[in-house]
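K.L.:
Please find one structure pasted underneath; my questions will follow.
The values are calculated or read from the model by the stated rules, or taken from the named source; none is laboratory data. Quick caveat, the model's predicted, so the values are computed rather than measured. Every residue, glycine as well, gets a Cβ built from its backbone with ideal geometry; the counts of neighbours run over all protein chains shown. The area values use the complete protein model at the heavy-atom level, side chains included, leaving out ligands, DNA and RNA. Shrake-Rupley method; radii C 1.70, N 1.55, O 1.52, S 1.80 Å.
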Amino acid sequence: MDAFDYVVVGAGSAGCVLAARLSEDPQNRVLLLEAGPADGPDTMAVPPAWLTLIGSEVDWGDTTVPQPAADGVARPYPRGKVLGGTSSINAMAFIRGHRTNYDEWAAAGADGWSHQDLLPFFKRTETTKGRDPAYRGTDGPMRAAPVSNANPLAHSYLQAAERLGYHHSDDLNGADQEGTCWWDLTIVDGTRQSAADGYLRPALNRPNLTVLTDALVHRLIVADDRCAGVEYSVGDEVRQVHPQRETILSAGSIGSAQLLLLSGIGPADHLHAVGVDVVADLPGVGANLQDHPWAGVTYAAARPVPPARNNHADLIAAVRSAPDLAAPDIQLIFSDMPYHPPTMPGPASGYTILFAALHPHSRGSVRLAGPDPTTAPLIDPNLLDDDRDLVTMQTALAMARELGDSPALAEWRDEEALPGPDVHDERELRDYLRHATGPYWHSVGTCRIGTDPAAVVDLQLRVHGIDGLRVADASVMPSIPGANTNATVLAIAERATASLKSAAS
Ligand SMILES: Cc1cc2nc3c(=O)[nH]c(=O)nc-3n(C[C@H](O)[C@H](O)[C@H](O)COP(=O)(O)OP(=O)(O)OC[C@H]3O[C@@H](n4cnc5c(N)ncnc54)[C@H](O)[C@@H]3O)c2cc1C
C-alpha cells in the first residue's frame, strides 16, 4: 500500500469532512477507511424513504441493551454503514444547538469550543441563501435550505401553534433560536445531500486521496504510547497501515469508543473483564453516552393525509418548559405520519406530534461484549434513568396534546390514538412514556473533550496519553446540544481539520 500522512477511520459525517479538507492540500496523502460500501439502495436519495433505511444493508443493525427505566425493552439503534455514514441514512434536518449549549462546553473545561469559537466552523460547512451572514455560511459544501413545500397539514399545525401564542423563528440557526420554524434540511432538488455528497464525492478524483470501502478497522497499533497506525481487514485479508503523521478516529460515538476499547485504551477494569490487554487506563472511554429521549402523541386522521414531500417532519419548535431556563429544553416536531413504537397499535392513517427532551440528565455507555472486532458493542443510552428526563417528557407530552387538540387541526383530526383520550392519570402517562420513549439516535459524548481525568481527548482532540491519535466525530461532544447532531458534527470536523493543518505547519 502507498504511504500516507493521515489515516481517517470512518467515512461518516465527520470522516468525509476530514478526508476532503485534508486532501485539499496536495502535499497531504490521505487514506479514508470505511467498513461499509461505496453506495447503498436508491432509496437513500429519496427523502421521505429515510425510515426504510433502518435495518437495511447500510445500517449496522445494532440494538441497545434492555433499558431498565424504559420498560426493560431493547430499542433499535441505527447508524450508517456506507460512505457518508449516518448522514446517508438520517432525516436530513440541519440544525445547530442553542448558542448557550456550546458556551456550556467551554465553561465545563472545553476551552476554545464556545459558540463564538465554533461559529466560523459552522459557517464553513454550509451554503445558505437569504440568511443572515453573521450566522450562516454562503460557500460551504452542504446546501441547507428551509422547507418551502410543506405538507398542508403542517400549515394547520403552524396555525395551532400561532393561536397558542408560540413565537415563530425564521431561522433557528440564526440569531433567533427559539420557537416554531420551517427548519433547514439538506435536500437538494428533491434528493438527499449526505456528507459524502457534499464533501467527499467532489474530492474523489484527487490523486492524494485514497478511499477504501468494505474495510473494517479492527484496532489501533499502539507502541510506546504512540499510535503507529491501524489494523484492518478487507474480506479475509488482514492489513496494516502506518501513516507518517496521524491517525484520526471518526467512527462515530459507538464506533470510535469501540475501537479505542478494542485497542486497550479505556477503563482498565472493563478491559480486563473482556480479555483485552490494557494499553492506557482511560476511564472516560465509552462512558458519558448521551442521547435525546423522544416519543409522540399520535392522532387518527379524519381524511387522507397528503403524501410527505420531505422527511415527514416539516416543522419543529424549540421551546422552554419554564420561562427561567436559559435555552429551550424541549423540541416539538410535527410529523405527517403516525410514528409510534411497533409494539403499540396505531392508526393506518394519521399524524404525530413528536417531542424530545433536549438536555437529558441520564448517562449511558458503550462497552465491549468481547475482544472480537466483528462482535457488536453493548450500547446503553440508559433512557429515562434520571427521573428529571421523564418529568420533562411529561411536560412535553402536555404541550403536544394542547397543540393537537387545537381547533386549527379540527379538519384533520379524528381522535387521539396514542396515548389515547382516556389516558390522563399521572401513573398512566408515565407508563405510556416509559413504553413509547425511544432514543432519537443522537449519540454523543463517549470520547469527550476535556482536561479532567474522565476526559478522553484534549482541546485539540488528541487522545490523552497517546501520541499521533485524535478523535473527531460526535463522540467528542462534552454534552449533547439541544438539537439534532449532524450540523454540530460537521463543525467539529471542520475545527479538527484546522487543528491538524496548524499542527503540521
Ligand atoms: C436514523 C437517524 C436519523 C437521524 N436524523 C438526523 C437528522 O435529521 N439531523 C441531524 O442533525 N442528525 C440526525 N441524526 C444523527 C446524525 O446523523 C449523527 O449524529 C451524525 O451523522 C454522526 O456523525 P459521525 O461522523 O459522528 O458518525 P457516523 O456518521 O455514524 O460515521 C461513522 C462512520 O464510521 C464507520 N465505522 C464505524 N466503525 C468502523 C470500523 N471499525 N471500521 C471502519 N469504519 C467504521 C461507519 O460505518 C460510519 O460510516 C440521525 C441519526 C440516525 C441514526
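K.L.:
Averaging over all projection directions, find the projected area of the Cα convex hull of the range 373-489 and quote it in nm² with one decimal place.
P.N.:
Values: hull surface 45.5 nm².
For the Cα atoms of the range 373-489, the hull's average projected area reads 11.4 nm².
K.L.:
Give, rounded to the nearest 20 debye, the magnitude of the charge dipole that the chain has about its Cα centre when Lys and Arg contribute +1 at Cβ and Asp and Glu contribute -1 at Cβ. Could the numbers behind the result be given before it?
P.N.:
Values: 37 positive and 63 negative charges, 196 e Å.
The calculated dipole for the chain is roughly 940 debye.
K.L.:
Can you bin the range 284-402 into rounded, prolate or oblate? Criterion: square roots of the alpha carbon gyration tensor eigenvalues sorted a ≥ b ≥ c, rounded for a/c under 1.5, prolate for a/b above b/c, oblate for the rest.
P.N.:
On the way: a/c = 2.44, a/b = 1.41, b/c = 1.73.
Note, shape of the range 284-402 comes out oblate.
K.L.:
Counting heavy atoms of the protein chains only and a 1.4 Å probe, report the per residue accessible area for the chain as a whole number of Å².
P.N.:
Accessible area per residue: 36 Å².
K.L.:
Rounded if a/c is under 1.5, else prolate if a/b is larger than b/c, else oblate: which is the range 78-148, with a ≥ b ≥ c the root eigenvalues of its Cα gyration tensor? Write down the numbers at each step before the final one.
P.N.:
Values: a/c = 2.12, a/b = 1.22, b/c = 1.74.
Taking the square roots of the gyration eigenvalues as a ≥ b ≥ c, the range 78-148 is oblate.
K.L.:
Also, I was wondering about something else. Alpha carbon centre of the range 20-81 versus the range 357-417: separation in Å?
P.N.:
Using only Cα atoms, the two centres lie 20 Å from each other.
K.L.:
Here's a follow-up. For the chain, what does the helix formula give at 222 nm: sum of -39500 (n - 2.57) over DSSP H segments with n ≥ 4, over the residue count, nearest 500 deg cm²/dmol?
P.N.:
Result for the chain: -6500 deg cm²/dmol, rounded to the nearest 500.
K.L.:
Calculate what fraction, in whole %, of the accessible area of the range 132-202 sits on carbon and sulfur atoms when a 1.4 Å probe is rolled over the protein chains. Mind showing how you got there, number by number?
P.N.:
Details: 1350 of 2860 Å².
That fraction is 47 percent.
K.L.:
Report the label-to-label distance for THR374 and ASN205 in nanometres (one decimal), using points 7 Å from each Cα along the Cα→Cβ vector.
P.N.:
In this crude label model, THR374 to ASN205 measures out at 3.8 nm.
K.L.:
Taking the C-alpha atoms of the chain, how large are the radius of gyration and the largest Cα-Cα span, Dmax, in Å?
P.N.:
Gyration radius and largest Cα-Cα distance of the chain: 22.0, 69 Å.
K.L.:
Moving on. Treating only the Cβ atoms of Lys and Arg (+1) and Asp and Glu (-1) as charged, compute the dipole magnitude of the range 283-377 about its Cα centre; round to the nearest 20 debye.
P.N.:
Working: 5 positive and 6 negative charges, 21 e Å.
For the range 283-377, the charge dipole is close to 100 debye.
K.L.:
Moving on. Evaluate E = 1/(1 + (r/R0)^6) for GLN460 and ILE221, where r is the Cβ-Cβ distance and R0 equals 22 Å; express this FRET efficiency to the nearest 0.05.
P.N.:
Values: r = 22 Å, r/R0 = 0.98.
In this case the efficiency is close to 0.50.
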